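So the structure is just underneath, and the comments pick up after that.
The values are calculated or read from the model by the stated rules, or taken from the named source; none is laboratory data. As the structure is a prediction and not an experimental result, all values here were calculated from the model. Counting neighbours? That spans all protein chains shown, and the Cβs are built from the backbone with ideal geometry, glycine included.
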């Protein structure tokens, strides 16, 4: 099987390409930006390039996208061109090439305002039946791309899986208050409880999605580390998250105290990845307890693959005091 990986110069794209190459599997990397694992350079909205790249390809891992950090720096039309038109061209050419499986990387950001319950309300329990309420052009275009995948399954019979990934990027938090209040690894370790996933587990989900797509037909799945919480915990999570964590995932307090780390006082949403585990046979290895144990053993919450890839960023330029701009964002 030969796999086309779009966005191969990005964080997840490189992780996938590194994994394929390490395992001796045939894969073609495509990105608009050159990279160590990118074989074809160009836009996913270039139909001729996509048609050539799909020759002899059995499956597509569609990772390329304009991200949330680009909202402040790119016009809305650029999001439509890449995230919607680019996905449409890939789907059309995948059908022509008789590709057996199409997997699109989406994001929990599509859910937008559905992720933030009003003050005084329980934390939101987020599963696949929660309706998206996009709050910017990024969320709108990713939701549209998801719908295109479903349309091509229904109308063209293309086996298509959408993976809504939670946070896996290594860059710092875009919230200056969070950056000031917590060490970066402290923030990320906390997020494994409810909104983060290890890059190694994201790669595994994509590889399983390729294999299971023909049997699934069309599926949309949340990809996030297995949470220790239950829906019944949602009210308490909003008012005393630390107490719930101590109940559901004990054993973190000593390591946190040794490092001067703190648990977040309140959690406003929890991602539930049970359906991905059920339908795809996905078994994420890195939940909060495993991350704390790795931290205790190695002093680092990152695994080998994340360390190999390192920081990539989202822009060629650097922004003072922040990983990327968020104020005054379009959309």
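A few comments on the model shown:
- Residues located in region 154-189, provided they are under 30 Å from residue 96 (Cβ atoms) and surrounded by fewer than 21 Cβ atoms within 10 Å (Cβ to Cβ): 154, 155, 156, 157
- Hits in region 100-123 (condition: surrounded by fewer than 20 Cβ atoms within 10 Å (Cβ to Cβ) and either in contact with a strand residue (DSSP E or B) (Cβ under 9 Å, 6 or more places away or on another chain) or part of a strand (DSSP E or B) (or both)): 100, 112, 113, 114, 116, 117
- Within region 150-187, tally of residues that are part of a helix (DSSP H, G or I), farther than 27 Å from residue 309 by Cα and touching a helix residue (DSSP H, G or I) at 6+ places or on another chain (Cβ under 7 Å): 2
- Number of positions in region 2-41 that are in contact (Cβ under 8 Å) with a residue 40 or more places away in the chain and in contact with a helix residue (DSSP H, G or I) (Cβ under 8 Å, 6 or more places away or on another chain): 13
- Number of positions in region 230-250 that are part of a loop (DSSP other than H, G, I, E, B) and either at pLDDT below 95 or in contact with a helix residue (DSSP H, G or I) (Cβ under 6 Å, 6 or more places away or on another chain) (or both): 1
A quick yes/no check of all residues on (1) surrounded by fewer than 19 Cβ atoms within 10 Å (Cβ to Cβ); (2) in contact with a strand residue (DSSP E or B) (Cβ under 9 Å, 6 or more places away or on another chain); (3) over 18 Å from residue 108 (Cα atoms); (4) without any contact (Cβ under 8 Å) to a residue 40 or more places away in the chain:
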{"position": "193", "(1), (2), (3), (4)": "no, yes, no, no"}
{"position": "213", "(1), (2), (3), (4)": "no, yes, yes, no"}
{"position": "216", "(1), (2), (3), (4)": "yes, yes, yes, no"}
{"position": "223", "(1), (2), (3), (4)": "no, yes, no, no"}
{"position": "226", "(1), (2), (3), (4)": "no, no, no, no"}
{"position": "238", "(1), (2), (3), (4)": "no, no, yes, no"}
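- Residues considered: 57, 95, 130. Of these, the only one that is at pLDDT 95 or above and under 18 Å from the mean Cα position of the chain (by Cα) is 130.
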